[in-house]
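Structure, as structure tokens:
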Amino acid sequence: MNGRLIVFEGVEGSGKTTQLKRSYQWLLESGWCERLQARDVLRRLIITREPGGTEVGREIRQLLLTPPPQEPLWDQAELLLYAADRAQHIQQMLKPELTAGSLILCDRYTDSTIAYQGYGRGLSLELIDQLNQIATDGLQSDLTLWLDVDAAEGLTRTRNRGEGDRLEKADLSFHQRVQQGFNALAISFPERIIRIDASFSEIEVTQQIQEILTEKLTQWYES
Ligand code: T5A
């Protein structure tokens, strides 16, 4: 059995987490999982996230999103913490689950580091590629759904929810650079990254995603 990794990416408030949970429910309730498990081509469906997909990762996430207030978190330290979270996630969870044949829905992955630390913070894209390579041991997503929404619109959505974390509080120009990063990635890797217009209502975005998932699952498991 070969598992598959589906990643949800986008700026703050793009609706990734909402859509990942909706996809999970749909895959369970529509009968997709049951059918694939009955044919012994799927072990289980799991959801996870970066940062914070493991016990160690949850500690790292806490440091990244709410670091001690008395000291700034330097950009290089931030980059290495995301890489450490990813290395742990890969070895502890993603690789064993994929080897066992699971279908994994993951909230953020390597493209977030390129978009946030590369385009957003201005750190070397070459260095980030090398770090991603080390952290993932070469494991790429089978499909990345990029939820494309205007950065200002996404921030308004998260700010309506209450006080944001360290990255949500960064200024608009930072989030616009992050958005440019996702756009550049989608252009560079069209075989892996599919753009979803996330400016529509939650239900309309869900419909776009379900169409793509249906096509991909059919291609992977039924052709
Ligand atoms: N990060 C992460 C890096 O800098 N580098 C890395 O390598 C990695 C892996 C993670 C932070 O770490 C950074 C990126 C992040 O800043 P997080 O808490 O996981 O922190 O933050 P986000 O992933 O950004 O999660 P958010 O919850 O802020 O955004 P989502 O997941 O895009 O949005 P969601 O689904 O929670 O929705 C946000 C709000 O919008 C509403 C929802 O109801 C919710 O209130 N909403 C909609 N409103 C209108 N129309 C729609 N279509 C809507 N969809 C959702």
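Quick one: what are the phi-derived ³J(HN,Hα) couplings along region 116-129, Karplus 6.51/-1.76/1.60 with θ = phi - 60°, whole Hz, x for glycine and proline?
7, 7, x, 6, x, 8, x, 6, 4, 5, 5, 4, 5, 4
In whole Hz, with x marking every Gly and Pro, tabulate ³J(HN,Hα) for region 38-51 from phi via Karplus 6.51 cos²θ - 1.76 cosθ + 1.60, θ = phi - 60°.
With the stated coefficients, region 38-51 comes to 4, 8, 6, 9, 10, 7, 7, 9, 9, 10, 8, 8, 10, x Hz.
Report relative contact order for the chain in percent, whole number only (criteria: Cα-Cα under 8 Å, sequence separation at least 6).
32 percent
Have a look at Gly122, Gly162, Gly101 and tell me which one the Gaussian network model of the chain (Cα, springs below 10 Å) gives the largest fluctuation.
Gly162
How many angstrom lie between the C-alpha centres of region 103-127 and region 29-55?
Using only Cα atoms, the two centres lie 24 Å from each other.
Taking Cα pairs under 8 Å and at least six residues apart, what relative contact order does region 1-117 come out at, in percent?
48 percent
Please go through region 1-93 and write out the chymotrypsin sites (Phe, Trp or Tyr not before Pro) that DSSP classes as loop and that have at most 16 other C-beta atoms within 10 Å.
Passing both the DSSP loop test and the Cβ count: Trp74.
Per residue of the chain, what 222 nm ellipticity follows from adding -39500 (n - 2.57) for every DSSP H run with n ≥ 4, rounded to the nearest 500?
After summing the helix terms and dividing by residue count, I get -16000 deg cm²/dmol.
If you keep only loop residues by DSSP, which trypsin sites (Lys or Arg not before Pro) in region 160-223 have at most 10 other Cβ atoms within 10 Å of their Cβ?
Arg161
For the pair Ala38/Glu55, report the inter-label distance in nm, with labels modelled 7 Å from Cα in the Cβ direction.
That separation, rounded to one decimal, is 3.8 nm.
For the chain, take N as its residue count and report Rg(C-alpha) divided by 2.2 N^0.38 Å.
1.00
Sort region 75-182 into rounded, prolate or oblate with this rule: let a ≥ b ≥ c be the square roots of the eigenvalues of the Cα gyration tensor; rounded if a/c is under 1.5, and if a/c is not under 1.5, prolate when a/b is larger than b/c, oblate otherwise.
Here region 75-182 falls in the prolate category.
Test of understanding: in a Gaussian network model of the chain with alpha carbons linked when under 10 Å, which of Ser173, Ser102, Ser14 would top the mean-square fluctuation ranking?
Evaluated over the chain, the most mobile residue of the options is Ser173.
Within region 1-49, list the trypsin sites (Lys or Arg not before Pro) lying in a DSSP loop whose Cβ has at most 10 other Cβ atoms in a 10 Å radius.
Qualifying residues, ordered by number: Arg39.
Enter the angle in degrees (range 0 to 90, nearest 10) between the Cα long axis of helix 75-89 and the first principal axis of the Cα atoms of the chain, meaning the one along which they spread out most.
The two axes meet at around 20 degrees.
With θ set to phi - 60° and the Karplus curve 6.51 cos²θ - 1.76 cosθ + 1.60, what are the ³J(HN,Hα) couplings of region 179-192 in order, to the nearest whole Hz, using x for Gly and Pro?
Those phi angles translate into 4, 4, x, 4, 5, 5, 5, 4, 6, 6, 10, x, 6, 10 Hz.
Each value in this text was obtained by applying a stated rule to the coordinates, not by laboratory testing. Being a predicted model, the structure only gives us computed values, none of them experimental. Counting neighbours? That spans all protein chains shown, and the Cβs are built from the backbone with ideal geometry, glycine included.
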